[in-house]
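Novice: First the structure, which I've put down as structure tokens, then a few questions once you've had a look.
The values are calculated or read from the model by the stated rules, or taken from the named source; none is laboratory data. Note that the coordinates shown come from a computational prediction; the quantities given were computed from them, not determined experimentally. Glycine also receives a Cβ, built like all others from the backbone with ideal geometry; neighbour counts cover every protein chain displayed. Note: accessible area is taken over every heavy atom of the protein model, side chains too, but ligands, DNA and RNA are not part of it. Shrake-Rupley method; radii C 1.70, N 1.55, O 1.52, S 1.80 Å.
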Amino acid sequence: MVHLPRRAASVPPRPSAEPLCAAQEQEVEDGRYVQSLQRKLELGHVALEFDCPAQQQEAEDGRYVQSLQKKLEPIFACKAEPQKADEYEESTAETNAPSEEITSEGESSEMSAEDKPKCNPGSAGHPELCRRPCIYFALGQCINLADCNFCHLPHNNRSATLDKNQRQVIKEMSQHEFLSVVTRCLQSKAVEGGFELEAQDVLQLFKAQLGQLRATPSKVPKTKVMNFEKALARMTFFSVASLTSRVNLSSDFIDTCKERVVSLRQRLAE
């Protein structure tokens, strides 16, 4: 058997690592230290180290301010509560006061009401018989002031107006049907407003005019009539009574209606 010589490996042997100098070793150690710090900071196992005492003092001051804010937040949140409590105690003390003091306060309030100036013409009979709200008074730009013919008092709900379909319903309704619906609405509004006795002149005028007309079968669907009544319920007494000018009624009735509504407004303003 012939033994052939072994061929040398095609891959040269791996050279051994050369020794690093001191600067390179320090750089490697610093990199490992930074990596370890990053891992510990992510896990929350180590606190930050500061280069100088000033940075450390600044960080401590920041923590102190944050702690003060957390402690003072509930104090500022509850700061207004003692004031409300005092107001409640004062109100309860006034309600529990003797009857003599209450009567004296009532007399003083009556005196102050007499001393107050009268409202402008447009605000008379507020809120059911007054005119439309004055847009200039709300902006503080009303130049007429006491002589203004529009209302200067607050309106919680804006008076509704009739749309095109509801105005068409008025045209389709007979005079008897229209006056009967309007009279019922005026009656209910006077009762709700507490001036039913003062409004008897107006209501009697509508009832007398209604008695002179002949009832005819309605040509308007009941659903449209119900929607029309709902729209009237959202309007004021003055606006509902003013709808008589939209119907072909006698001029004497319309003029008398205007006079009695104005008279009712003046009585309610007194």
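Novice: Here are Ser180, Ser263: which of them is open to solvent by less than 40 Å² (accessible area, probe 1.4 Å) and touching a helix residue (DSSP H, G or I) at 6+ places or on another chain (Cβ under 8 Å)?
Specialist: Going through Ser180, Ser263 in turn, the sole match is Ser180.
Novice: For the range 182-195, state whether one or more residues are in contact with a Phe, Trp or Tyr (Cβ under 9 Å, 6 or more places away or on another chain), within 16 Å of Asn248 (Cα to Cα) and in contact (Cβ under 8 Å) with a residue 40 or more places away in the chain.
Specialist: Yes: one or more hits.
Novice: How about the range 196-223: which of its residues are within 21 Å of Cys257 (Cα to Cα) and touching a residue at least 24 places away in the same chain (Cβ under 8 Å)?
Specialist: Matches in the range 196-223: Glu198, Ala199, Asp201, Val202, Leu205, Phe206, Lys207, Gln209, Leu210, Leu213, Arg214.
Novice: Could you check the range 151-185 and list, in sequence order, the residues that are in a loop (DSSP other than H, G, I, E, B) and aliphatic (A, V, I, L, M)?
Specialist: If the condition is that a residue be in a loop (DSSP other than H, G, I, E, B) and aliphatic (A, V, I, L, M), then Leu153, Ala160, Leu162, Met173 are the ones that fit.
Novice: Let me ask something else about it. Let me spell it out: the conditions are (1) surrounded by 15 or more Cβ atoms within 10 Å (Cβ to Cβ); (2) part of a helix (DSSP H, G or I); (3) of a type outside the set (D, E, K, R), and Thr223 meets all of them except one. Which number is the exception?
Specialist: Just one mismatch for Thr223, condition (1).
Novice: Further, regarding this structure: So which residues in the range 146-173 are over 22 Å from the mean Cα position of the chain (by Cα), more than 27 Å from Leu249 (Cα to Cα) and either assigned by the TED database to the domain that holds Leu243 or open to solvent by 100 Å² or more (accessible area, probe 1.4 Å) (or both), if there are any at all?
Specialist: Asp147
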